[in-house]
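A quick write-up on the structure given underneath.
The values are calculated or read from the model by the stated rules, or taken from the named source; none is laboratory data. Keep in mind it's a predicted model, so treat the numbers as computed, not measured. Cβ: placed from backbone, ideal geometry, glycine included. Neighbour counts: every protein chain shown. Quick note on the areas: whole protein, heavy atoms, side chains included, nothing else; ligands and nucleic acids left out. Shrake-Rupley method; radii C 1.70, N 1.55, O 1.52, S 1.80 Å.
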6 protein chains.
Amino acid sequence: MPDTVFLSGDHVDLRPIEEDDLEFLQRQINDPRVWRAIGRQQPVNAAQEREFFENVVCGDETVNLMVVADGTPVGTIGLNSFDWPSRYAELGYWIAPEHHRKGYGGEAARRVVGYGFDQLGLHRIAARVFAFNEASRGLLESIGFTQEGVHRDGEFVDGEWHDVHWYGYLEDEWRSRS
Amino acid sequence: MPDTVFLSGDHVDLRPIEEDDLEFLQRQINDPRVWRAIGRQQPVNAAQEREFFENVVCGDETVNLMVVADGTPVGTIGLNSFDWPSRYAELGYWIAPEHHRKGYGGEAARRVVGYGFDQLGLHRIAARVFAFNEASRGLLESIGFTQEGVHRDGEFVDGEWHDVHWYGYLEDEWRSRS
Amino acid sequence: MPDTVFLSGDHVDLRPIEEDDLEFLQRQINDPRVWRAIGRQQPVNAAQEREFFENVVCGDETVNLMVVADGTPVGTIGLNSFDWPSRYAELGYWIAPEHHRKGYGGEAARRVVGYGFDQLGLHRIAARVFAFNEASRGLLESIGFTQEGVHRDGEFVDGEWHDVHWYGYLEDEWRSRS
Amino acid sequence: MPDTVFLSGDHVDLRPIEEDDLEFLQRQINDPRVWRAIGRQQPVNAAQEREFFENVVCGDETVNLMVVADGTPVGTIGLNSFDWPSRYAELGYWIAPEHHRKGYGGEAARRVVGYGFDQLGLHRIAARVFAFNEASRGLLESIGFTQEGVHRDGEFVDGEWHDVHWYGYLEDEWRSRS
Amino acid sequence: MPDTVFLSGDHVDLRPIEEDDLEFLQRQINDPRVWRAIGRQQPVNAAQEREFFENVVCGDETVNLMVVADGTPVGTIGLNSFDWPSRYAELGYWIAPEHHRKGYGGEAARRVVGYGFDQLGLHRIAARVFAFNEASRGLLESIGFTQEGVHRDGEFVDGEWHDVHWYGYLEDEWRSRS
Amino acid sequence: MPDTVFLSGDHVDLRPIEEDDLEFLQRQINDPRVWRAIGRQQPVNAAQEREFFENVVCGDETVNLMVVADGTPVGTIGLNSFDWPSRYAELGYWIAPEHHRKGYGGEAARRVVGYGFDQLGLHRIAARVFAFNEASRGLLESIGFTQEGVHRDGEFVDGEWHDVHWYGYLEDEWRSRS
């Protein structure tokens, strides 16, 4: 099945998330290297992953995309927590550990940020990252996000408290950057 | 499966939309070259496309047809927003990018407009086009639509506001033209 | 029960529509002097009015308000057909015939238009009026709407075709006006 | 009905929210002086307020309390967005305009913050305030909250963008302060 | 309504819990002097208290009794967590603060313990008490319960960890004592 | 299907419990060598096992994991009876008789205990074991649990009363041990 591409980049394509992706998604969301970095701590079985697919992915309150490189799924990215009157949404993503450091996350994030500002008319996009996730923080900063706050001890991971860094991006900043 | 033809033209045939078409439809509706021009901005996965098929295509409130050229699906066309007491409907269509500039859209539109006036007894058919979609505007004008209004800044696409041009066609105009 | 006021004006208040209003709403929507001007042509019984109340008024896709003068309901007003990515909504209203020409519609419309631009962040508000409804056309123009188009023979009323005038208002126009 | 007090203060008591409170709650949540400051922009009718009462207040995912002074309801306060593994919750409250500047909000907030740390074992309590709400910002700072970030243009109110100030409070800070 | 007595004592009677008791129960369960000692920390409104009444009190999985002194409700007592094959249940009770130190709890507990052994054929009755609740610990010991364990830091109350003392009573001990 | 691993050890992996596991689970839970040691005494048919799967495993109130060695399911382990305000949970597990004495239970328990303290922020984890289950008691003590109480005659098995030993583990103890 040739991919149905929604947004395309140089090295990655972003496409809708399909039922056939559930196995990959479930394996990743149970991988500690993935869940520790995104604030999830519970095991997810196939039935629960399917419920997420039906309620969230197939719903219309969030935007969800699979990040694909050379036809291989490598992670997911999307926008959530929409506040339309204030034209705001939050960016969320994860890349499978075996595909880190290849630039996939950064490219996917640029596409989705541009889509959010240029097609959804957003005024502001925010993102949150745990302090220890330096790769993600560097990714956001390189795209043009500005750190706006540090929520101290925002998340408990690996037996310790970690700050949560909040980033924001405004449409004017994006336009002047592009 | 030989096509079940509903309306036929010289170069295209218009037939009902079938379940086997879902893959083609889903791929097209996620293609930015298609969705940017018709006011859709969200990714659509197979489950969501199927839901559209079941609720809208298989419903009885709109007319939906697949445009086929040489046995190949090239786009869809139809009538929606029916107001029967006022004998009004809106024309909508899209042709896959790889099949542009072959005259398929124009021929399909003539067939459906004629069908609307001559078989559904419509008095008026309207259509809306984004200002930048010159091909579509030219198509409507060449068929005989009259521009009736410009809704300023009606749609936000690619980071900018675009006017939406509204066209109307009355049955007397069609009859005198044919 | 003192009114729960959502937006207040000098002579009218706008409050949520409540179950106790159903009788008034049903009486008005069946009055030809009301339905002829807003494109409704079907009788509505109490059960149907209640269904409208539960599905539309108590839903979250539209904004619906009762226009009240001196504690008396005189009509309804609201915003519908929201397109959030394009920051657009359509204004709709009716005032009971016995309360015409008192300025209630104009005052209510000003409040809702300001609310749409200032609190919902809309970029554009549109409205449609039948050609024969000169009072409503004058109301929209006096508030600052610009006529953007005439949909010829858009509505069939009283045995004749009537044009539908479309008006638009942009946020910059509202801001420079206030 | 003598109040069922859950937490008591010198000038205010905090009690569970009851069905009889719905009228007061609905009137307040539709008052622009209340909704403009808490990010709500839609009218709420009695049926919608009841639905909120049944789903949220009577549910078990949030803590909701009525603030009462001299037997009179003056506002609500509570904790929401619980993340138990990270021992986090967000504080939310509003006081009716006619009861501002009497210290009710501050006293209620102190009680709930202490309850959150001492009875629910929270490690961190956060709160967000719009930049123009100086009274609320002063209230949080006087209780001991620390500003942790400014989400620029986080909310659109009254035709302008307003920053959203985020505050945090850690259990050690509370303990050393008490 | 003269009390329907289920078990009677010298100073207290134990009767079924009725709908008319909901107001008293709700007021008590929201009183910090009551909930802090029994491991409950959430406010309970009338609807939630009624739900407890319908699901638990009117169910058949637990035994629930109102403790009444001179016709006045002073607290509740009962048996829960039944394990019939092992002939075990847990004793739970609370007395309203204004009725402490009158011996009501001790008398009620003796009646229910005897009922559990002599009428329900239990082999073992257990009870748990927070370390700071010396009155309750004394009550259990005076009746004949034996401390069987200390669950360290079992409960977080008033900003500190408190041990939970577990007591047990076996039918032979009860029989030799009576 | 390669296992979706949630927590991994040297000899065992812990993964979510899936529908395909129901046959194994049902066979084990009906085996007297398993149910006698964990306080279950009722036969369980496939429909009942499925109901447990849907209500408990697929729910969000407990953590449930399959213990797998060399790709073979050997038992289950998890945390239940969560009391979030007191940051407490109870550890439960069983290993199929044919896989006893291979160290699987101990390794699985260490992983889950560490996960409970380090990822769920628990302060205390408890466990209960029947007196005759010396293997399980040794397992808990070797991991670092402290015996906190003996509930005399807590369980009736094989025609006799058996004490139930309660163990507790506090986060500081775990941290100093690791």
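Note on chain C: antiparallel DSSP beta bridges, both residues inside, total approximately 90 percent of the bridges counted. Counts of other chain beta carbons within 10 angstrom of each beta carbon in peptide B:141-154 average 4. From Cα pairs below 8 angstrom and at least 6 apart in sequence, can you work out the relative contact order of the range B:1-86, rounded to a whole percent? Once normalised by length, the contact order is 28 percent.
When only alpha carbons of the protein assembly as shown are considered, Rg and Dmax amount to 33.8, 111 Å. Sort the range F:7-177 into rounded, prolate or oblate with this rule: let a ≥ b ≥ c be the square roots of the eigenvalues of the Cα gyration tensor; rounded if a/c is under 1.5, and if a/c is not under 1.5, prolate when a/b is larger than b/c, oblate otherwise. Since a/c stays below 1.5, the shape of the range F:7-177 is classed as rounded. The relative contact order of the range F:7-177, computed from alpha carbon pairs under 8 Å that lie at least 6 residues apart in sequence, is 18 percent. Find the centroid of the Cα atoms in the range A:116-139 and in the range B:120-135, then give the distance between the two in whole Å. When both Cα centres are located, 39 Å separates them.
One residue of chain F places its C-beta nearer than any other to the axis carrying F onto D; that residue and its whole-Å distance are F:84, 2. The alpha carbon gyration tensor of the range E:135-178 gives principal lengths a ≥ b ≥ c with a/c of 1.5 or higher and a/b greater than b/c, which makes the shape prolate. Residues of the range C:1-23 that lose at least 20 Å² of accessible area (1.4 Å probe, protein heavy atoms only) when the other protein chains are present, relative to their chain alone, are C:1, C:2, C:4, C:5, C:6, C:16, C:18. Straight-line cross-link partners of residue A:102 among the aspartates and glutamates, defined as a Cα under 13 Å from its Cα and at least 8 positions apart when in the same chain: A:10, A:70. Across the range D:85-90, computed HN-Hα scalar couplings (Karplus, 6.51 cos²θ - 1.76 cosθ + 1.60, θ = phi - 60°) run x, 9, 6, 10, 8, 10 Hz from first to last residue, x flagging Gly and Pro. Protein heavy-atom surface of chain D, 1.4 angstrom probe: 44% of the accessible area is carbon and sulfur, with nucleic acids and ligands not counted. Summed over the residues of the range D:7-177 and divided among them, the accessible surface reaches 38 Å² per residue at a probe radius of 1.4 Å. For residue C:51, the label point sits 7 Å beyond Cα toward Cβ; its separations from the matching points on the remaining copies run 1.8, 2.3, 3.1, 3.3, 3.8 nm, from shortest to longest.
Qualifying chymotrypsin sites (Phe, Trp or Tyr not before Pro) in the range D:123-178, where qualification requires a DSSP coil assignment and no more than 16 other C-beta atoms within 10 Å, comprise D:132. Remark: the range A:58-68, residue by residue, has Karplus-estimated 3J(HN,Hα) of 7, x, 10, 9, 9, 10, 10, 9, 8, 8, 10 Hz, where x stands for each Gly or Pro and the curve is 6.51 cos²θ - 1.76 cosθ + 1.60 at θ = phi - 60°. Using the basic label-point model (7 angstrom from Cα toward the beta carbon), what is the residue B:50 to residue A:61 distance in nanometres? Roughly 2.3 nm, to one decimal. DSSP beta bridges confined to the protein assembly as shown are antiparallel in about 90 percent of cases.
At q = 0.15, 0.17, 0.20 Å⁻¹ the log10 of I(q)/I(0) for the range C:84-128 amounts to -0.42, -0.52, -0.66, computed by Debye summation with a single uniform scatterer per C-alpha, solvent ignored. With label points set 7 Å from Cα along Cα→Cβ, the inter-copy distances at residue D:144 are 3.1, 4.3, 4.9, 4.9, 8.1 nm, sorted shortest first. Across chain E, where is the longest run that never hits GluC sites (Glu not before Pro) in a DSSP loop with at most 15 other C-beta atoms within 10 Å? Longest run free of exposed loop sites: E:62-178. For residue D:81, inter-copy separations between label points set 7 Å beyond Cα along the Cβ vector come to 0.6, 3.4, 3.6, 3.6, 3.9 nm, shortest first.
Coupling constants for the range A:134-139 follow from the phi torsions by the Karplus curve (6.51 cos²θ - 1.76 cosθ + 1.60, θ = phi - 60°), and in residue order they are 5, 4, 5, 5, x, 4 Hz; glycine and proline get x.
Amide H contacts for residue F:74 (H built 1.01 Å from N in the peptide plane; partners 5 or more residues away or on another chain; cut-off under 5 Å): F:67, F:68, F:69. Determine the total buried accessible area between chain F and chain E, counting protein heavy atoms only with a 1.4 Å probe; round to the nearest 100 Å². Using a 1.4 Å probe on protein heavy atoms, the buried area is about 2000 Å². Annotation: residue F:178 carries an accessible surface of approximately 110 Å², with a 1.4 Å probe and no ligand, DNA or RNA atoms counted.
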